[in-house]
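Structure in structure tokens, see below.
The values are calculated or read from the model by the stated rules, or taken from the named source; none is laboratory data. Because the structure is a prediction, the values reported are computed rather than measured. Cβ placement follows ideal geometry from the backbone for every residue including glycine, while neighbour counts extend to all protein chains displayed.
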Amino acid sequence: MSAPVASRVDARARVFGVLAETGAASRADLARRTQLAASTVSAVVTELQTAGLVTEPAAGGDPRPPGAMGRPPVLVAMHRNAGVAIGLDFGKRHVRVVVSDLAHGILAERHDELDADLPAAAAIAHAAGLVDEVLAEADADQDDVVGVGMGLPGPVHGPTGELGDSTILPGWVGVRAAEAMSDALGRAVEVENDANLGALSEWMWGAGRGAENMAYLKVATGIGAGLIIRARPYTGTSGTAGEIGHTVIDPSGPNCRCGNRGCLETVAGSAAILAALRGTFAADVTIADAIACAVDGHTGCARAIAAAGTAIGTAVATLCNLFNPERIVVGGDLAAAGPLLIEPLRDAMRRGAVRSAAEDVTVVEGTLGERAEVLGAVALVLRRGAELLHRSDAVAARRA
């Protein structure tokens, strides 16, 4: 008797996990993705509907390719009763918080500016207050939360959630970020490097969709890469894979916060671009100002951004030779420069990569903009399958 029960439990978790990742799917898609029999999928969906975990949303267009014959399939999606997910993203000078339902709908979000050197404890307390605000706006409470994901700029040691000393957030060095945020919210928090989260969100919802092997470049104050290999995020042994910003470009270059000299970040990050423009603009000029001027035709700004693109492309060429991705998605603050950054990047990559690797890859601008990392934090929760189902069961039972 125990084997059939275990089989149904497994089937339930697999169907739920696919729905959490896809947002909505037909029963045929669920059978294909879970590799379960159509009859099993139908029975599981009925069971999940009875439990108040899934629903058939109102028709919102035909999800099939243009010209498909016959009636569109009936889609199944997560019910609001399945709970909500929280995403947090910390940057050098900001924190962003969103609350999402499990059908991938953003219910509320907040974005606040922070002091650049704010201690971790103060930043965490501020973020916890924003979590309360977004939950209230979404008409949800702490008991509805099935998971919390958080992004930080720098290498995050996987086993401890501790930020490495090459982070751009000096007030967080040595802090066990997952533990500290968990204490503030009263629930478990999963922490990941922000570039890895950008890769996850662009792969699930943005410019990386459909790619088996891709890299996401977050180009801002810091420069990092998030990797997707064989349709799965890759973070390395302890979470430091993708630290492309600390590739040495010029051994005699400026000192880097990681302890080396001439790292990519020191010659192509936002601070380096603004330093190149010092004397041309006021001291309080921002990278957004510089990009706007470049787009408007300011030669000096355009040249500084192009030089950054060339340096990044040189490092990306090595990434292509080692990793051989099919797509590179460029995000972060500097991605707003569009072709002014991406064309020099692409040209330098083609010059530096072996021909086959250069021909295999396309370089595109991300589509999720400044929300990529916080949406990736939500995606971190949505990919937790059986664990997520267990928590959603409890939420649905309480709301019934």
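Just to check your reading of the model, which residue among Gly245, Gly253 is buried (at least 21 other Cβ atoms within 10 Å of the Cβ), in the same structural domain as Ala315 (by TED's automatic domain parsing) and out of contact with any His (no Cβ under 9 Å at 6 or more places or on another chain)?
On the way: Gly253 fails: buried (at least 21 other Cβ atoms within 10 Å of the Cβ).
Checking each option against the conditions leaves just Gly245.
Looking for something in the same structural domain as His104 (by TED's automatic domain parsing), polar (S, T, N, Q) and free of Cβ contacts under 8 Å to residues at least 40 places away in the same chain - is there at least one such residue anywhere in segment 276-299? Let's see the steps before the verdict.
Looking only at segment 276-299, we keep the residues that are in the same structural domain as His104 (by TED's automatic domain parsing), and these are none.
Checked against the condition, which is being in the same structural domain as His104 (by TED's automatic domain parsing), polar (S, T, N, Q) and free of Cβ contacts under 8 Å to residues at least 40 places away in the same chain, segment 276-299 yields no hits at all.
Identify the residue in segment 32-59 that is crowded, with 17+ Cβ neighbours inside 10 Å and among the hydroxyl-bearing types (Ser, Thr, Tyr) and, among all such residues, is nearest to Gly385 (Cα to Cα).
We begin by selecting, within segment 32-59, every residue crowded, with 17+ Cβ neighbours inside 10 Å; these are 33-34, 36, 40-41, 44-45, 48, 51-55.
Now narrow it down to the ones that are among the hydroxyl-bearing types (Ser, Thr, Tyr): 34, 40, 55.
Working: Thr34: 12, Thr40: 18, Thr55: 18 Å.
This residue is Thr34.
Can you report the number of residues in segment 163-186 which are assigned to a loop (DSSP other than H, G, I, E, B) and more than 21 Å from the chain's Cα centre (by Cα)?
In the first step, residues of segment 163-186 are kept if they are assigned to a loop (DSSP other than H, G, I, E, B); the result is 164-169, 173-175, 186.
Now drop any that are not more than 21 Å from the chain's Cα centre (by Cα), which leaves 165, 173-175, 186.
So the count comes out to 5.
Quick check on segment 119-162: of everything there that is of a type in the set (Asp, Glu) and part of a helix (DSSP H, G or I), which residue is surrounded by the most Cβ atoms within 10 Å (Cβ to Cβ)? Write out each step before concluding.
Keep residues of segment 119-162 that are of a type in the set (Asp, Glu), which gives 132-133, 137, 139, 141, 143-144, 162.
If we keep only those that are part of a helix (DSSP H, G or I) as well, we get 132-133, 137, 143-144.
Numbers: Asp132: 13, Glu133: 14, Glu137: 13, Asp143: 12, Asp144: 23.
Restricting to residues being of a type in the set (Asp, Glu) and part of a helix (DSSP H, G or I), the top hit is Asp144.
Of the residues that sit in segment 11-55 and are part of a helix (DSSP H, G or I) and of a type in the set (S, T, N, Q), which one is farthest from Gly83 (Cα to Cα)? If you could, list the steps in order and put the result at the bottom.
First, pick out the residues of segment 11-55 that are part of a helix (DSSP H, G or I): 11-22, 27-34, 38-50.
Narrowing the set further to residues that are of a type in the set (S, T, N, Q) leaves 22, 34, 39-40, 42, 46, 49-50.
Numbers: Thr22: 16, Thr34: 22, Ser39: 27, Thr40: 25, Ser42: 22, Thr46: 19, Gln49: 14, Thr50: 16 Å.
Among them, the one singled out is Ser39.
Return the residues of segment 235-274 that are of a type in the set (A, V, I, L, M) and more than 19 Å from Tyr216 (Cα to Cα); say none if nothing qualifies.
We begin by selecting, within segment 235-274, every residue of a type in the set (A, V, I, L, M); these are 241, 244, 248-249, 264, 267-268, 271-274.
Passing the criteria: Val248, Ile249, Val267, Ala271, Ala272, Ile273, Leu274.
Further question on the same structure: On the given criteria, is Ala77 hydrophobic (A, V, I, L, M, F, W, C), at negative phi and modelled with pLDDT under 90? Don't jump to the end; show me each part of the working.
Working: hydrophobic (A, V, I, L, M, F, W, C): yes; at negative phi: yes; modelled with pLDDT under 90: no.
It is false that Ala77 is hydrophobic (A, V, I, L, M, F, W, C), at negative phi and modelled with pLDDT under 90.
Of (1) buried (at least 22 other Cβ atoms within 10 Å of the Cβ); (2) more than 27 Å from Gly171 (Cβ to Cβ); (3) in contact with an Asp or Glu (Cβ under 8 Å, 6 or more places away or on another chain), Phe281 satisfies all except one. Which?
Result: Phe281 fails condition (1) only.
To continue, here is another question. Taking the residues in segment 342-400 that are of a type in the set (Gly, Ala, Ser) and surrounded by 22 or more Cβ atoms within 10 Å (Cβ to Cβ) as candidates, determine which candidate is nearest to Asn324 (Cα to Cα). Spell out the reasoning first.
We begin by selecting, within segment 342-400, every residue of a type in the set (Gly, Ala, Ser); these are 348, 352-353, 356-358, 366, 369, 372, 376-377, 379, 385-386, 392, 394, 396-397, 400.
With the extra rule that they be surrounded by 22 or more Cβ atoms within 10 Å (Cβ to Cβ), the set shrinks to 353, 366, 372, 376-377, 379, 392.
Working: Ala353: 10, Gly366: 19, Ala372: 23, Gly376: 23, Ala377: 26, Ala379: 25, Ser392: 39 Å.
Checking each candidate, the answer is Ala353.
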